[in-house]
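Trainee: I am attaching a structure below and will ask some questions about it afterwards.
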Amino acid sequence: MALTAGIVGLPNVGKSTLFNAITKAGAEMANYPFATIEPNVGMVEVPDDRLARIQELVPADKIVPTTFEFTDIAGIVKGASKGEGLGNKFLENIRQVNAIVHVVRAFDDDDITHVNGKVDPIDDINTINLELVLADLEAVEKRYATTEKKAKQAKDKDAAAEFEVLAKLKPVLEEGKPARSIDWNEDEQKIVRGFFLLTSKPVLYVANVAEDDMADPEASKYFQQIKEYAAAENADVIGISARAEEELAGMDDEDKAELMELQGITEPGLNRLIRSAYHLLDLRTFFTAGGKETRAWTFRAGMKAPQVAGVIHSDFERGFIRAETVAFADLDEYGSMKAVKEAGRRRSEGKEYVVQDGDIIEFLFNV
């Protein structure tokens, strides 16, 4: 499922360090702006403890986790919407992703240059958000005049509906607010999606805290500032030390466990980031179990059984008959597929069934 979360931020906030930790892809790092120019793309496994539990109860030859993409996008600077700092290229890279992971510097370090000369998370966030708003406003203004004329002269219903959305959107952007801050109805959302606006994409803020704050990011004064900002626009925020996470990612399991115990953490912060970004993209997981492999698969929330079957193979969707379904919670509780069936918890679902996160499914099809 080709959906990607783009990692953005000002230069030198730790984006590439974080990307390296996530993907172990070795993106170039340097202590100067624009060390990253071309976007790096990496696949990551989605951490999911349910896989091991399913394998324990329904043994298979191997376990296969699900994956999705992160894209590391070069740092944006003030004036990007007017082409500053290779801005046009960077903005186009952002336009290609489905969600934004906005990395914000939340640590002091005299050895790492800040592009604005000081650590100020809110100013950093506003710098980037304003550039995205200005880029969207320019696109909306170009579309506004032509659509207004078409709506009035041709009495085109589609043009009229589009103009209503533009008229609602334009003043919000002029106030410096993102398109996602507007409460769109379903019909309006369809129109807005066609504009491919930068500020309509969902956002997750990542506070890149100091290594000393790794175990308790909320102890950082900078984290609290970012948290308040994110809350005001109904966005989520998580705190991670990119440098510490990169160090963890390069360790073997034994050394990693020892360091996490020393730091007082139960799992790498990257696991939280990956799961948060996965859900930000509105992605969910279903499972197939037993035989050659126990496998996690990715689907979009709200998809019906035939569409989800198509994630495995197009023939499954084309010849869909039904989906024999067990909720992970039921398998976990009853301890075996046989016990689940005896308890009446195994279900035969048809074409209108909306698949739920954690469903374990066997698809029946005929082509």
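The values are calculated or read from the model by the stated rules, or taken from the named source; none is laboratory data. A quick note: this is a predicted structure, and the numbers were derived from the prediction, not measured. In this analysis, Cβ positions are derived from the backbone assuming ideal geometry, glycine residues included, and neighbour counts consider all displayed protein chains. The area values use the complete protein model at the heavy-atom level, side chains included, leaving out ligands, DNA and RNA. Shrake-Rupley method; radii C 1.70, N 1.55, O 1.52, S 1.80 Å.
Trainee: When region 164-189 is examined, which residues are found to be open to solvent by less than 40 Å² (accessible area, probe 1.4 Å) and either of a type outside the set (Gly, Ala, Ser) or touching a His at 6+ places or on another chain (Cβ under 9 Å) (or both)?
Mentor: Across region 164-189, the qualifying residues are Val165, Leu166, Leu169, Val172, Leu173, Pro178, Ile182, Trp184, Glu188.
Trainee: Looking for whichever is of a type in the set (Asp, Glu) and buried (at least 21 other Cβ atoms within 10 Å of the Cβ) here; the options are Asp359, Asp332, Asp315. Which one fits?
Mentor: Asp359
Trainee: Within region 188-203, can one find any residue that is under 17 Å from Leu280 (Cα atoms) and among the basic types (Lys, Arg)?
Mentor: Yes.
Trainee: Only residues in region 247-271 that are closer than 16 Å to Pro217 by Cα count as the first member; pair them with residues that are among the β-branched types (Val, Ile, Thr) and modelled with pLDDT of 90 or more, Cβ under 8 angstrom, at least 6 apart or cross-chain, and list the lot.
Mentor: Gly269/Ile238; Gly269/Ile240; Leu270/Ile240
Trainee: In addition: With respect to the numbered conditions (1) in contact (Cβ under 8 Å) with a residue 12 or more places away in the chain; (2) under 30 Å from Pro268 (Cα atoms); (3) touching a Lys or Arg at 6+ places or on another chain (Cβ under 9 Å), which one is the sole condition not fulfilled by Ser241?
Mentor: All conditions are met except number (3).
One line per residue, one yes/no per condition, for (1) touching a helix residue (DSSP H, G or I) at 6+ places or on another chain (Cβ under 7 Å); (2) in a helix (DSSP H, G or I); (3) more than 30 Å from Thr147 (Cβ to Cβ); (4) not β-branched (Val, Ile, Thr):
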position	(1), (2), (3), (4)
Asp183	no, no, no, yes
Gln189	no, yes, no, yes
Ile238	yes, no, yes, no
Arg243	yes, yes, yes, yes
Glu246	yes, yes, yes, yes
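Trainee: Within region 42-50, is there a residue that is more than 26 Å from Ile360 (Cα to Cα) and either part of a strand (DSSP E or B) or at pLDDT below 85 (or both)?
Mentor: Yes: region 42-50 contains one or more residues that are more than 26 Å from Ile360 (Cα to Cα) and either part of a strand (DSSP E or B) or at pLDDT below 85 (or both).
Trainee: List pairs: first in region 171-193 and closer than 22 Å to Ala232 by Cα and free of Cβ contacts under 8 Å to residues at least 24 places away in the same chain, second part of a loop (DSSP other than H, G, I, E, B) and among the β-branched types (Val, Ile, Thr), Cβ under 9 Å, 6+ apart or cross-chain?
Mentor: Val172/Ile182
Trainee: Among the residues of region 246-281, which ones are open to solvent by 20 Å² or more (accessible area, probe 1.4 Å), touching a Pro at 6+ places or on another chain (Cβ under 8 Å) and not polar (S, T, N, Q)?
Mentor: Lys256, Met260, Glu267, Arg275, Leu280 - these are the residues of region 246-281 that are open to solvent by 20 Å² or more (accessible area, probe 1.4 Å), touching a Pro at 6+ places or on another chain (Cβ under 8 Å) and not polar (S, T, N, Q).
Trainee: Something else now. Take Asp136 and tell me if it is more than 23 Å from His279 (Cα to Cα), open to solvent by less than 40 Å² (accessible area, probe 1.4 Å) and within 23 Å of the chain's Cα centre (by Cα).
Mentor: Yes.
Trainee: For region 288-297, indicate whether the set of residues that are among the charged types (D, E, K, R), outside the structural domain of Val101 (by the TED database), closer than 20 Å to Met43 by Cβ and open to solvent by 40 Å² or more (accessible area, probe 1.4 Å) is non-empty.
Mentor: So far as region 288-297 goes, yes, one or more of its residues are among the charged types (D, E, K, R), outside the structural domain of Val101 (by the TED database), closer than 20 Å to Met43 by Cβ and open to solvent by 40 Å² or more (accessible area, probe 1.4 Å).
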